[in-house]
Amino acid sequence: MSFRLTRLFTATLIGLSASATVLAAGSQLVWRGDVTTARGVVTDVAKAWEKSGKGKIELQPFNTASGIDAVAKGTADLAGSARPGIGGAEQSLTFTPVAWDALVMVTYPSNPVSNITLMQLHEIYMGHITNWKELGGEDAPINLYAVASPNDGVEYSLRKLLFGRGNQPVAAPRLYVNAAKLEEGVTLDKRGLGATTMGGVSGNKKLKLLSIDGVAPSASTVTSGAYPLYTELYLVSNDASPKAADVKEFIAFVTSSAGSSLLRAHSLVPYADGMALASGDAARRAKIASTVGTRANAGQAMTTAPAVAAAPTAAAVAKETALAQAQTKGKGAKAAKETKGSVATTAEPSQFAKVVASVSTTAHQGFSGVRAEAFTVSDNAKRGGRFAKVTADAVTVKGKPVAKPAAPVDSSEKPSGKIDTPKAAAAKPAKAEPKAVAKAEKKTAASRTYKVAAGDTLYSIAKRNNVDVTQLRAMNGLKDNNVHPGQVLKVGAR
């Protein structure tokens, strides 16, 4: 063999050896998903992952649906999403929450509007508010932007909170393929308005973030739960993937101290720092539903429940029951009876301590003095701690409550996974003196009125007279939010 051929052969062996070394350093993972998770979570973490010698991450940011579909089909190892799984093929995938982000409304920087209410946001998406003037801005139409796919993480999560379902149709004629393109559209439109995430636009001076009910979106207001439109960011994986072990290692790296520091740099809240948000999700959703007048999403959590708060399994319940029986055995019927009666209340001073209820009505104003209280009877042994029966039978007349005890739970009822919507029991009227009743009826018959002035909106009138917009519409038989100067509206009882 000539000296030249020897050198060429040696160089080839060295090249092959170097390639083998690079491949041994770590496998390459393919990530595909929404631009929100790409910008806030994956991009910088992937660089740190590669720098540490663990391997490479090929990033393919586009939108939520494409990423989840790619992981399900095996053409990608990881996906990013700003919403949880919604069934179908997604049930076979694992959605791991890694961070908390804020769903934010963005507009043009020079727009004078800086704050909107949840109710106004709801009405904008419903097409009932169409002019910035109704929000305290200029007399100009609101150009509402949205992402074309209702299953996009940002759109789905926002609509789920405002309407009770993520696929709610909305009055947004301007559609984009993802949040990044939507943001570009708003930066060019002084009348534009659209939804994205705080992590995606943090530091972007070409966009203005609106406060919601006076609370500005920030890492601190998300962590505390003061800002209501928070959401989880997920990394989606497939346990059946041949690279499942590498994927789990990468997710662990994202949630490590090094990964958490990179998340905070994008105004995100690492998942472990906001564990209380998951516990407060049900109350948060009920409050939003009460505010905007939509049905609450009973049993449809918007966050991932912490492991420590998981509902007890049937086996765990059976074990606890057996233990209680063993402890009371041989202590006499009286002791056993006392133990049985105290099982439901040993965990907390009151089994109703964490029950939060909010009831709104658009009924006739003659019932404005009626107040209903809900009593929850837990049925942990049969329902696994996830569900409860609600009964209500109470009425207050002139400050004197009259109620009968909640009906006992039928012990013969079979457990079911179905969530039943409780029906309110008919309230029985309390006895009242004829004079008091006549006086109350006379007072109810009289009503306060308001004459619409120039520049008034239904929302400003409702706020000025301390009445809900929905009730205001019902009292006056209005089908929309349009009012005109000189119009006389009923605004409540005298």
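The set of residues from segment 56-72 being open to solvent by 10 Å² or more (accessible area, probe 1.4 Å) and within 15 Å of Ile251 (Cβ to Cβ) comprises just one member, Ile57.
Residues are listed down the side, and each one gets a yes or a no for (1) in contact (Cβ under 8 Å) with a residue 40 or more places away in the chain; (2) farther than 20 Å from Ser202 by Cβ; (3) touching a Phe, Trp or Tyr at 6+ places or on another chain (Cβ under 6 Å):
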position	(1), (2), (3)
Ser114	yes, no, no
Glu138	no, yes, yes
Leu144	yes, yes, no
Phe163	yes, yes, no
Ala171	yes, yes, no
Glu184	no, no, no
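Scoring Gln168 on the criteria (1) part of a loop (DSSP other than H, G, I, E, B); (2) in contact with a strand residue (DSSP E or B) (Cβ under 9 Å, 6 or more places away or on another chain) leaves a single failure, condition (2). Of all residues in segment 147-168, those being buried (at least 24 other Cβ atoms within 10 Å of the Cβ) and closer than 11 Å to Ala179 by Cα number 5. Condition check for Ala140 on (1) surrounded by 16 or more Cβ atoms within 10 Å (Cβ to Cβ); (2) among the hydrophobic types (A, V, I, L, M, F, W, C); (3) touching a strand residue (DSSP E or B) at 6+ places or on another chain (Cβ under 9 Å): one failure, at (1). In the condition set (1) part of a helix (DSSP H, G or I); (2) open to solvent by less than 40 Å² (accessible area, probe 1.4 Å); (3) at pLDDT below 95, Gln91 is compliant with all but (2). Selection over segment 261-293 of residues that are of a type in the set (Ser, Thr, Tyr) and surrounded by 20 or more Cβ atoms within 10 Å (Cβ to Cβ) gives a count of 2. Could you grab me the full set of residues in segment 466-494 that are charged (D, E, K, R), open to solvent by 50 Å² or more (accessible area, probe 1.4 Å) and at pLDDT below 85? Residues satisfying the conditions are Asp468, Lys479, Asp480, Arg494.
Ser267 falls short on exactly one of the conditions (1) in a helix (DSSP H, G or I); (2) of a type in the set (Gly, Ala, Ser); (3) under 29 Å from Leu121 (Cα atoms), and that condition is (1). Residues in segment 27-42 that are of a type in the set (Val, Ile, Thr) and over 25 Å from the mean Cα position of the chain (by Cα): Val30 only.
The set of residues in segment 269-291 being over 14 Å from the mean Cα position of the chain (by Cα) and among the β-branched types (Val, Ile, Thr) consists of Val269, Thr291. Take the conditions (1) open to solvent by less than 10 Å² (accessible area, probe 1.4 Å); (2) in contact with a His (Cβ under 9 Å, 6 or more places away or on another chain); Asp44 misses just one of them, which is (1).
If you go through segment 106-120 one residue at a time, do you hit one that is open to solvent by 10 Å² or more (accessible area, probe 1.4 Å), within 28 Å of Val170 (Cβ to Cβ) and modelled with pLDDT under 90? No, segment 106-120 contains no residue that is open to solvent by 10 Å² or more (accessible area, probe 1.4 Å), within 28 Å of Val170 (Cβ to Cβ) and modelled with pLDDT under 90. Can you confirm whether Ala298 is modelled with pLDDT under 90 and under 22 Å from the mean Cα position of the chain (by Cα)? Against the criterion (modelled with pLDDT under 90 and under 22 Å from the mean Cα position of the chain (by Cα)), Ala298 qualifies.
The values are calculated or read from the model by the stated rules, or taken from the named source; none is laboratory data. For clarity, every value in this text was computed on a predicted model and none was experimentally measured. Virtual Cβ from ideal backbone geometry, glycine too; neighbours counted across all protein chains shown. Surface accessibility is based on the protein's heavy atoms, side chains included, excluding ligands, DNA and RNA. Shrake-Rupley method; radii C 1.70, N 1.55, O 1.52, S 1.80 Å.
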